[in-house]
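This report refers to the structure that appears directly beneath it.
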Amino acid sequence: MESFGKYETYHANVGAPSQPQEAGGSLYVEVPVQIYGRLKNGESFSSAGSVTLRRKAAEREWRIYS
């Protein structure tokens with residue numbers, strides 16, 4: 001992927017999802033994520049946050065919501 005071209009290494013730690021919350025006919029979970037690695041110029045980077053996944057009631061797959 002071209003968007004990863006500036007990275008020498010790229011890693012992610014993914015935590016346990018929260019309990020599903022229902023709203024508007026969909027289920028939502030929050031998943032903590034930490035990314036870290038090294039750029040090709042030698043600089044290290046890291047960032048932590050969470051990703052929200054959504055699953056509509058009639059679907060079986062989770063999708064990234066935000």
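Are there any strands (runs of 3 or more DSSP E) wholly within the chain with 1 or more residues that are surrounded by 13 or more Cβ atoms within 10 Å (Cβ to Cβ), and if so which?
Strands (runs of 3 or more DSSP E) meeting the threshold: 7-14, 26-39, 44-56.
Please name all residue pairs, on different chains or six or more residues apart, with Cβ atoms under 8 Å, provided the first residue is in the range 9-25 and is over 26 Å from Gly37 (Cβ atoms) and the second residue is hydroxyl-bearing (Ser, Thr, Tyr) and open to solvent by less than 80 Å² (accessible area, probe 1.4 Å).
Pro20/Tyr28; Gln21/Tyr28; Glu22/Tyr28
The values are calculated or read from the model by the stated rules, or taken from the named source; none is laboratory data. On a predicted model such as this, the values are computed, not experimentally measured, just so you know. Ideal geometry is used to build each Cβ from the backbone, glycine not excepted, and the neighbour counts take in all protein chains shown. Ligands, DNA and RNA are stripped out before the accessible areas are found, and what is left, the full protein with its side chains, is counted by its heavy atoms. Shrake-Rupley method; radii C 1.70, N 1.55, O 1.52, S 1.80 Å.
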